[in-house]
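Heads up, the thing below is written out as structure tokens.
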Amino acid sequence: MKILFAEIAAAAFVLFARAITAVRAIWPEHGLPSRPCVYFANHSSHGDFVLVWAVLPPRLRNQARPVAGAEYWLKSKVSTFIGRDVFNAVLIEREREKRTQDPIELMTTAIDDGSSLILFPEGTRNLTDARLLPFKSGLFHLVSARPDVDLVPVWINNLNRVMPKGEIVPIPLICTVTFGDALRLTPNEGKDVFLERMQAALLALSPKPLGSGE
């Protein structure tokens, strides 16, 4: 019965996300990887992973697991049900002193089990005027442990206006989710160079600022 409720709730989340945002997915020229991969996206709203998850084709959606903060999703029975049962999230304890499991180990285990991951390298929601916050090192450590995994940049546009900070009721606005071509860690690539390359790949998918001449 619990599994049935989770499946119904998942379908409802997809319909709601699409109805509120009229979301349009923009796919890369070569399509998305068919095997487990890591979708890494910009982060400006609590609804970011829902939108990425909702626009994926059903087969890829079923294998995609968001990486999220355990302290947020385990704070109540309802949020625990949504995080664990509906989205099958990989829940990470963000405070080091409270961790009982290694976050990288949790993520690599999920990949080894055939799951794709949806994660946000900025580590927290970007509430600044900058297009991206500096990336945390987790993405590098993850791909260093699994260097053959495909990394797919994903730019989410306009969702921060649908769900502004502090708002409970979403504002209906059109959003886009743009997927880039898959990338990989190159041999002997250092952390700083890798993270800069991933940031550049993500920014390349973002809408050009007004007055940029492009």
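Of all residues in region 125-151, those that are among the hydroxyl-bearing types (Ser, Thr, Tyr) have Cβ atoms under 8 Å from Cβ atoms of residues that are open to solvent by 30 Å² or more (accessible area, probe 1.4 Å), 6 or more apart or on another chain, in SER137/LYS191; SER144/LEU185.
With respect to the conditions (1) farther than 16 Å from TYR39 by Cα; (2) open to solvent by 70 Å² or more (accessible area, probe 1.4 Å); (3) at pLDDT 95 or above, ILE168 falls short on a single one, namely (3).
Entry remark, region 145-165: residues being modelled with pLDDT under 60 and crowded, with 17+ Cβ neighbours inside 10 Å number 2 in total.
Would you check if there is a residue in region 191-212 being open to solvent by less than 70 Å² (accessible area, probe 1.4 Å), at pLDDT 85 or above and of a type in the set (Asp, Glu)? No: region 191-212 contains no residue that is open to solvent by less than 70 Å² (accessible area, probe 1.4 Å), at pLDDT 85 or above and of a type in the set (Asp, Glu).
Look through region 37-51, keep the residues that are closer than 23 Å to ILE3 by Cα and in contact (Cβ under 8 Å) with a residue 40 or more places away in the chain, and return whichever of them is surrounded by the fewest Cβ atoms within 10 Å (Cβ to Cβ). Looking at residues that are closer than 23 Å to ILE3 by Cα and in contact (Cβ under 8 Å) with a residue 40 or more places away in the chain, I get GLY47. For region 52-83: of the residues being at pLDDT 90 or above and either among the charged types (D, E, K, R) or in contact with a Ser or Thr (Cβ under 8 Å, 6 or more places away or on another chain) (or both), which is surrounded by the most Cβ atoms within 10 Å (Cβ to Cβ)? The extreme case among them is ARG65. Within region 127-135, is even one residue within 14 Å of the chain's Cα centre (by Cα), at pLDDT 95 or above and either among the acidic types (Asp, Glu) or part of a loop (DSSP other than H, G, I, E, B) (or both)? Scanning region 127-135, I find at least one residue that is within 14 Å of the chain's Cα centre (by Cα), at pLDDT 95 or above and either among the acidic types (Asp, Glu) or part of a loop (DSSP other than H, G, I, E, B) (or both), so the answer is yes.
Here region 89-106 is the region considered, the condition is being under 25 Å from LEU60 (Cα atoms) and either touching a His at 6+ places or on another chain (Cβ under 9 Å) or polar (S, T, N, Q) (or both), and the residue that is least open to solvent (accessible area, probe 1.4 Å) is PRO103.
The values are calculated or read from the model by the stated rules, or taken from the named source; none is laboratory data. Note that the coordinates shown come from a computational prediction; the quantities given were computed from them, not determined experimentally. In this analysis, Cβ positions are derived from the backbone assuming ideal geometry, glycine residues included, and neighbour counts consider all displayed protein chains. To get the accessible areas, we keep the full protein, side chains included, count just its heavy atoms, and leave off ligands, DNA and RNA. Shrake-Rupley method; radii C 1.70, N 1.55, O 1.52, S 1.80 Å.
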